[in-house]
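Right, one structure below, let's go through it.
Coordinate-derived values only; no laboratory data. Note that this is a predicted model, so its numbers are computed, not measured. FYI the Cβ positions are ideal-geometry reconstructions off the backbone, even for glycines, and counts take in every protein chain you see.
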Ligand SMILES: [Zn+2]
């Protein structure tokens, strides 16, 4: 062991997170938006830390901050380590940023150890994962992965600024954002360390987990149609109450989701005409449905849909479904995931916990160009995230750094076998 170096890396990663937290557009709280002046400051700061760790640095055509340490020989394909530097509004200090800081520390350790890896190491701080400014997520990682679409340039923020104008103000050429695309043969994979953003590790009393997949979501606008009528004058046997039918469906969504290990959330319900003394004639509800694997999620949806049809038929109601968003789950690559599990074992945890990510991550976009895997670390306070109370312990960060480094070395072992 090398306790002084270990402590230095952990302390530095946490100090850097604290320093980034001060680069905010809010007086009180953290908000760092895509292509903002704060984004520019953060990139400059992170680039300096990358250089201190021995990397060459550049900002790519999409505003992603990149750094590179060559491997055994120059110009080898790269194992990319990273996460994002943008935040939600009133964010915590670790979502995204900690993953970038730990990636830099891994590179620092590899360089200090004098190891010659059979690949280059690159670190990337993605410019936009959250989608806070333009309402569309993963803008930085999509450009990196070659799935950028110039139609995105017309997106506007709350003030009406287009993405194209924001890119220009930032110093980028909006017509060339797609040039950030990397070719698959330049890459051997992508590893990301991220806080869990949930309570599972805390509940299981574990510091780390390997991620099995990043959940895909399906989102629906659902409409139940009945007939409005006088609340006093319409007897029960004549009612076609859309909201009561919808309520049965909502309760069943929770039951089916629990039974199938998926997550179904009805976040919005509206009844029409909405009078206090009127039987609801129409009920509209939203459904967000997520699962570890697509088949499981789709199976849950089929059961929800079948149940709703039965209820609506019994109650004389109509049932309409509009699916307005669908993203497939992204499974972590088996070989890279095995390296992450080896990394966790290297910290003394003989049986690594495996979790699926309920939240979206840059890896969902990056998977279009190279294999991905993720390491989760515990966050405290019941796993709260996207909130100023987000927290990690130095001991967990130390474990995550050790596991992350060991995972990189495990990938090197796999490739020299
Ligand atoms: Zn994140």
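Per-structure values
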| quantity | calculated |
| --- | --- |
| Nearest-0.05 FRET efficiency for residue 26 and residue 265, computed from C-beta distance (R0 35 Å) | 0.80 |
| Candidates 53, 180, 308: whichever shows maximal mean-square fluctuation once the chain is modelled as a Gaussian network with Cα springs under 10 Å | 308 |
| Global geometry of segment 315-417, whether rounded, prolate or oblate, following the gyration tensor of its Cα atoms and the 1.5 cut on a/c | oblate |
| Descending semi-axes in whole angstrom, ellipsoid equivalent of segment 162-224, from the Cα gyration tensor | 34, 24, 15 |
| Principal-axis tilt of helix 3-21 within the chain, Cα atoms, nearest 10 degrees | 50 degrees |
| Difference of contour (0.36 nm per residue) and Cα-Cα distance, residue 276 to residue 41 | 79.3 nm |
| Gaussian network model of the chain, Cα within-10 Å springs - most flexible of 252, 70, 202 | 252 |
| Of 261, 363, 82, the one that fluctuates the most in a GNM where the chain has Cα springs shorter than 10 Å | 261 |
| Relative contact order [Cα under 8 Å, 6+ residues apart], segment 216-326, whole percent | 45 percent |
| The chain: angle of helix 394-416 to the longest principal axis, Cα-based, in degrees nearest 10 | 70 degrees |
| Burial ordering of 141, 36, 286, fewest other beta-carbon atoms within 10 Å first | 286, 36, 141 |
| Residue 381-residue 296 pseudo-label distance in nm [points 7 Å out on the Cα-to-Cβ vector] | 2.9 nm |
| Over the chain, relative contact order from alpha-carbon pairs under 8 Å, at least 6 apart, % | 21 percent |
| Inter-site label distance for residue 358 and residue 161 at 7 Å from Cα along Cβ, in nm | 3.4 nm |
| Difference of contour (0.36 nm per residue) and Cα-Cα distance, residue 89 to residue 346 | 88.9 nm |
| Relative contact order of segment 7-103, defined on C-alpha pairs under 8 angstrom at six or more residues apart (%) | 33 percent |
| Label-point separation, residue 200 to residue 230 (7 Å along Cα→Cβ), nm | 5.5 nm |
| Fewest-first sequence of 101, 364 by Cβ atoms within 10 Å of each Cβ | 364, 101 |
| Ascending count of other beta-carbon atoms within 10 Å, so fewest first, for 325, 94, 190, 236 | 236, 325, 94, 190 |
| Contour minus Cα-Cα distance for residue 73 and residue 307 (0.36 nm per residue) | 78.2 nm |
| 222 nm mean residue ellipticity, helices alone, for the chain (DSSP H n ≥ 4; -39,500 (n - 2.57); rounded to 500) | -12000 deg cm²/dmol |
